[in-house]
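For reference, the structure is listed below as structure tokens.
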Amino acid sequence: MTARTDYSLDHLRGISKGYLLLIGVLFVGVLFTLEAIIHQVQRGLVMTDLAQQGTQGGATWGLYIGTFEWFAGMAVGTLAITGYIRFNQLDQYDMIARIGNIWAFICGLSAAWLIIIDLGTPHRVLVILTNWHETVLHSPLAWDVTFVTTLMVFTLTMLVLSLRLDFLRMDNDLPLHTSIVKRLVSIGATEEEIPKLESMRQWLGLGLIVLALTAGLVPGLLLGVVGGQPGYFGAESGIIFLVSGMLTGIALLSVTAGILRMRYSWRDKLSNPVMRGLGQMMAAFGFVWLIVMFVDVTTVITDMAPFYEQRIGDAMITGSLAPFFWASILLVAVPTFFLAAAKYRLGVRLQTLAGFSILFGVWIKSNLTVMEPLLFPNLPGIQGTYTPTIVEWVITLGAIAIALFLFVVALKFIPLATVRTTEVSNE
Amino acid sequence: MQSDPSTASEFDEAWEADAERRLGAVDYDTQLGKDLGRDAQRLARGEISEAEFHERYHEQVLDEFGVDQRLETYTADTSPAVPGVDTSADDTGPWDGDTGGGGGEDPSNLPGVPGEDPSRRSVLKTAGVLGAAAVGIAGVEGMTTGVSGSGDEPDTQMGMAINMNSCIACLQCVEACNVENNNTPDALWMFVHRYVQEDYRDTEEYLPRPCQHCSDAPCEAACPTTARFQRDEDGIVLTDYDSCIGCRYCEVACPYGVNYLQWDEPHDPEEFTEMHESDGAIELAPGDLDENITIDEEENITAGDLNESITETIDDPRQTADGTHGGGNPPKGVMGKCTFCVHRQDSESEALQGTTACEQVCPVDAIHFGDLEDEESAPRQHIADLDDDESTYRLLEDRGTEPNVIYVGSEPSPDATPVEGPRTVEDMHRDLTRSRTGRGPVDYPERGDEDDS
Amino acid sequence: MNLPPIGMLVLLFILLMPVYVTLASWLFAEPRDGRTASIGIVYMGVIAVLMIGATAGLGVAFWVIANLPL
């Protein structure tokens, strides 16, 4: 049984100028996004630069789906980490688990949101659910909807159960808004539940790991099972997605933890070993990601590769897509190298910067992965071009702003600091 | 029909005539074929034993084909292809009598079907020749499963035969399709690919590309709402405009690129009729209609005429026979593609049924639309009437989509270079720009340019 | 001989795997406590319903936006 020690809930109380400014900026971003959404929904997808491949010389899917893959990846990554920490009861990483839990839900939500905004008739989104029993038998998009729904249900359940447990152990005074959260998750809660709740949280952690590592392949398969497009390599795309997801998930947590530690001086809660552990994982998955990218490219650049694939490979390595491709590789490779070279002791600032760099690099590649094949038609048509419109940029960046907004708001409602045993963190 | 127990009525004169007609087209013994086919069905029903069936015809089959491996091949699930054994049609002559003898060692020594590998498919086709006509195939297939009955294939499968050798890329089909279906110019349900094949000929080739109405359509499997479906009655692949969510997964899944989202507001049907009336198109009395829509190149039907008559007969082109909204142009945000002019197929007018707009306007008769299961249909007849040196293919057949458009000509290779040219009739009169906001002119690669950029 | 549709396998053996793991362990792992486990399951069920309901609500919201007289 863990000891009841100090609960620093300082992040829940008080509203600083900086916080207000951040909320304000994000809120303006959200308003802009709302405007763009109204614009697009009223006029139709003609407001985007998406077009039919081959004959209209466009890309069928663009920023929305690329960013969807990125968000879904982060959801899987943060989900896996949360599950891992909970299942193995790594109390040292308790706060990381909570942060990961919140992010996993928000990222799942953002991913779902981007899919919906990409629809030609978003008001018919319910049709996916009403036909689900039939379409799940063959449509990877129906599997994906199932996965994202499961992800959101599981992360929210984890949040509820772990908060219930934390609140049972807390006797602090809570701010009013947090006590509302407490009331919501503590229906019928008694002290006797604690051992069972601990067990349930642990096993739900295993559930999250299983969800991340099996169903987590599905958003990648969304592309991989499409035989029609060269470049969506079926055997690899699920793995690429999962690896990208793990990498971005860790990077997102590292960045969040770094900023929170700097902001609230949480040297004890987000201790050096914890930060270093994150840096180590980030470097390890960065390395795996680079290998996977190398394998991916190898498939398309050999002279033996089918012509369709070669064309894409050439475009990526030396052609029109090369600036994007190499930018994404460098944005991941450089921080990975420095993290490893410094034995993960880059310091919080630099590690946060490394995290940002990796997030950006993988975001570029996620978009490329979606667009590469769509720009090159199978039949002798026009090679595509795609220049996202302002509406697309606003909605895409807006989705990121909404995600940040939700997290920053959640920060005021949900306690991050939980039970800490006294014997940890003396490195 | 196999379930009918009365043999007398089943093998009546009509059956005889049908079998004779079918077998007449083949160079093998008609009488033998008829007898085989009839007994194959009896066998399937268990009226005679396999041994009996084998005994009865062994001599004759050996005589006629030089080989008799009915037992071996029909009971085996697949017939292994033997490399190096040429079974193409030009070589059916030298069948060695000594490989026969009731059970030759080489199972591939069956009379081949032109252009096919000696796979299971050709075995069945050969069985079709042996067993006389479709009824025979059913009977022979019944032998392997022990039950008789027809397969899952629909009785009717609408499709096209498109002769690339005739096509002159006049784009009348593209125009007629857009007019008929009331589409905006950027929706190219019918599209004519122009390209140069990088080989010794170096000639420009034209590939008219409607939806292939695949029997194993990837778009249908991909659809997350069951909006994309293949009709049972005639195999046409349609979109239910009321349940399509516009996710464009079908577009991504389709290797042919036939799907076009209605990005913007579609043309309104009424607006369209008015537009054409003000064009001064010929006014039609209702009675005139049928004469006007005859398939006759001499009459020089234009797209405008077509639509005029269509709007006269069909109130709601979007409404299909079963009440689904799947014909005509799609509403905003919904996926559209070639429907094989489903509003015509479902119309009351017999002159419209079995026709499509593109087929009708084609001045060189390159497009032939009809039931691919029916030997008398336009596409089947066109294929049958081809010269020996003309080859046929189905587009990107290796993707396993089972397309239902048969092309006459040679398939474009993956490195075929697209060449500049108008893509719509409108384009013929102005520069090449896509009718989408903010889009620059289309950049075509130079002839023989290997670079991607 | 014939495999069931691929989606059936994906659903039963991949997508629902975490659900099996979680529910089984909640019900059968030590310490056994039916009450707490049931509360957990009820929470999960309510959240699932909320998620699906929210999707429907989003559809309605989009319908309203699409038809706003702007």
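Rule-based calculations on the coordinates, nothing more; no lab input. Not measured: the values here are computed from a predicted model. Methodologically, a virtual Cβ is constructed for each residue, glycine included, from the backbone with ideal geometry; neighbour enumeration extends over all protein chains shown.
Tabulated values for the structure
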| read-out | value |
| --- | --- |
| Rounded FRET efficiency, nearest 0.05, which uses the C-beta distance separating A:E134 from B:E198 and R0 of 41 Å | 0.35 |
| For the range A:14-419, size of Cβ-based charge dipole, Lys and Arg +1, Asp and Glu -1, in debye | 1160 debye |
| GNM flexibility winner over chain A from A:N272, A:N131, A:N367 (Cα, springs under 10 Å) | A:N131 |
| Among A:V210, A:S357, A:T256 the positive-end extreme of the charge dipole of chain A (Cβ point charges) | A:T256 |
| Distance in nm between pseudo-label sites at C:L12 and A:R13 (7 Å out along the Cβ direction from Cα) | 5.6 nm |
| Inter-chain shielding of B:411-422 (mean C-beta neighbours from other protein chains, 10 Å cut-off) | 3 |
| Rotationally averaged projected area of chain A (alpha carbon convex hull; nm²) | 21.5 nm² |
| Contour excess over end-to-end distance, with Cα ends at A:N88 and A:L21 and 0.36 nm allotted per residue | 20.3 nm |
| Inter-label distance, nm, simple model (7 Å from Cα along the C-beta direction), C:F28/A:V409 | 4.2 nm |
| Cross-link table A:K17/A:K182; A:K269/A:K412; A:K365/A:K412, entries beyond 29 Å C-alpha to C-alpha | A:K365/A:K412 |
| The range A:306-331 residues near the modelled A:A341 label - backbone nitrogen below 19 Å, point 7 Å along Cα→Cβ | A:327-331 |
| Mean Kyte hydropathy of 0.0 or more with a Cα span along the axis of at least 20 Å, helices from DSSP in chain A | A:17-43, A:63-87, A:94-117, A:140-169, A:194-213, A:234-264, A:272-301, A:322-341, A:348-374, A:390-413 |
| Stretchable slack from A:I291 to A:I390, in nm (0.36 nm times residue separation minus alpha-carbon distance) | 32.2 nm |
| Cα centroid separation - the range B:205-219 against the range A:193-228, whole Å | 39 Å |
| Those trypsin sites (Lys or Arg not before Pro) in the range A:330-386 that DSSP places in a loop and that have at most 16 other beta carbons within 10 Å | A:K343, A:R345 |
